[in-house]
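Below: the structure, in structure tokens.
The values are calculated or read from the model by the stated rules, or taken from the named source; none is laboratory data. This structure is a prediction, so every number in the text was calculated from the model and none was measured. Because the Cβ atoms are built from the backbone with ideal geometry, glycine has one as well, and the counts that use them run over all protein chains shown. Areas reflect the complete protein model, heavy atoms only, side chains present, ligands, DNA and RNA absent. Shrake-Rupley method; radii C 1.70, N 1.55, O 1.52, S 1.80 Å.
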Amino acid sequence: MPAPATTLPTAPLRWDIFCRVIDNFGDIGVCWRLARDLHTRGHQVRLWVDDPAALDWMARGGGQPGIEVRRWMDVAAGPAADTMPGDVIVEAFGCELPASFIAAMAKTASTGPAPVWLNLEYLSAEPYVERSHGLKSPQFSGPGAGLDKWFFYPGFTPKTGGLLREPGLIEHLDSLDRATWLSRAGIHWQPGESLVSLFCYPGAPIAEWLQALPPEPTLLLTAPGAATQSVEAQQLPSHIRQHALPFLPQESFDELLAVCDVNLVRGEDSFVRAQWAGRPFIWHIYSQEDGVHAGKLDAFIDRHVAGASAAVAEQLRAAMRRWNGLDASPMQWPERAGWSDLTLAWRQELLAQNDLVTQLLHFVAEKR
Ligand SMILES: Cc1cn([C@H]2C[C@H](O)[C@@H](COP(=O)(O)OP(=O)(O)O[C@H]3O[C@@H](C)[C@H](O)[C@@H](O)[C@H]3O)O2)c(=O)[nH]c1=O
């Protein structure tokens, strides 16, 4: 039985989260959510980021009292040498920590408890995640010699670190009234119109997808960038309208997904949020040059459709693969009722596992 999400297995701790923005918004998106969730549960958080620009819209007001956002540039230009490391150091997505900071961690460890050093990894449904979650990487050389680093893998099964899910999130999302939310957001929605959100990478087969949409009045809510631009480039049939969204703060983005009928999401964080929204979704995976994303997509689809009827499973698999350019068959929408049931059943399955921060707190308590 999972422990309640609010359980605090440790006294409030001081956390240092290091984030390097490689591309897009997922790196800072995940780190900002983690920082907020820890802060809400009473912890002290410093978020070190090389490029905080996206926080201007992602975080209301560009930040939040109680979470200290600090700049760092690279391994050489890190925090000042006299910066005291916190109790837990999170190296997000394998970003290399500044050497001066690692040296400060080692110094702390020589006089008291060593900071718990974690590498928070990318999310995947592939089997290696269960094998790798929680593994130790002892440091034999360099400024951190003698310290241990631990691998923490988010994931979809109980043997992984779980998914970020703030206490009360689902209750909040399920309580939203669509018409009220949309009117507050300044979105003109005509009752009866299907609502579809779209957040994707360039290259999604938009024209084909628009043709495959069910022939019913539909309002497309498109995120800034590739989604808005590629829909604007199309000649829309009369039953489809487009509303181009601005970038929304994270909480509003989560709410948007919860009031839509279908969500097309991408990357890592919006993909997870679509699962908490409990609405049918299609995932645009971040594509990698070596093609490894195909295996990652299939591993997720396999788990996700495992409880569905054969027809829904096949339709959804084909739609997700086609959206990602991995399938040549014509684009088709899965049958909506079966797809909705599957999405809710999947969310229920995920809710049976502890959220990532709860698991992280237990993990840290064990290692200290
Ligand atoms: C469109 C929109 C997004 N967001 C947030 C949600 C997420 O936190 C973030 C988007 O991140 P993602 O959904 O993960 O998609 P992304 O494509 O921006 O990020 C990706 O970057 C690559 C480098 C990584 O390898 C991928 O795994 C992924 O993280 O932006 C808002 O808060 N408001 C908005 O209006």
Where does the range 246-335 land on Rg/Rh, using Cα atoms and the Kirkwood Rh?
0.97
Counting each DSSP H run of 4 or more residues in the chain as -39500 (n - 2.57), what helix-only mean residue ellipticity at 222 nm follows after dividing by all residues, to the nearest 500 deg cm²/dmol?
-11000 deg cm²/dmol
Quote the FRET efficiency, to the nearest 0.05, computed for Arg368 versus Gln332 with a Förster distance R0 of 41 Å and r equal to the Cβ-Cβ distance.
0.20
Antiparallel content of DSSP bridges confined to the chain, in %, to 5:
10 percent
Pairs of Cα atoms under 8 Å, at least six residues apart: use those to get the relative contact order of the range 9-148, whole percent.
22 percent
In what sequence, largest accessible area first, do Arg303, Arg41 appear using a 1.4 Å probe?
Arg303, Arg41
Per residue, how much accessible area does the chain show when a 1.4 Å probe rolls over the protein heavy atoms, in square angstrom?
43 Å²
If I take R0 = 51 Å and measure r between the Cβ atoms of Ala212 and Asp148 in this structure, what FRET efficiency does the formula 1/(1 + (r/R0)^6) give, to the nearest 0.05?
0.50
Stretched out fully, how many nm does the piece from Gln234 to Ala103 gain, at 0.36 nm a residue minus the Cα gap?
41.7 nm
Could you tell me the center-to-center distance, by alpha carbons, between the range 99-126 and the range 264-302 in angstrom?
29 Å
Whenever you get a sec, compute what percent of the accessible area on the chain sits on carbon and sulfur atoms (1.4 Å probe).
54 percent
Output for the range 266-355: GluC sites (Glu not before Pro) sitting in coil per DSSP, at most 10 other Cβ within 10 Å, listed by number, reads Glu289
Solvent-accessible surface (1.4 angstrom probe) belonging to Lys136, in square angstrom, nearest 10:
110 Å²
Write out the cysteines belonging to the chain for which the nearest other cysteine Cβ is not under 4.7 Å, or none if no such cysteine exists.
Cys95, Cys200, Cys260
Where Lys and Arg each count +1 and Asp and Glu each count -1, what net charge lies around Thr218 among other residues with Cβ under 15 Å from its Cβ?
+1
Hydrodynamic radius by Kirkwood, which averages 1/r over all alpha carbon pairs of the chain, in angstrom:
21.7 Å
Protein-only accessible surface order, largest first, of Ile22, Ile89 at 1.4 Å
Ile22, Ile89
Just by accessible area at a 1.4 angstrom probe, what is the order of Met58, Met73 from largest to smallest?
Met73, Met58
What is the distance in Å between the Cα centroid of the range 51-69 and that of the range 149-197?
20 Å
With the 8 Å Cα cutoff and a minimum separation of six or more residues, the chain has a relative contact order in percent of 16 percent
Quick calc, Ser183 & Arg14: beta-carbon distance into FRET formula, R0 51 Å, rounding 0.05, result 0.75
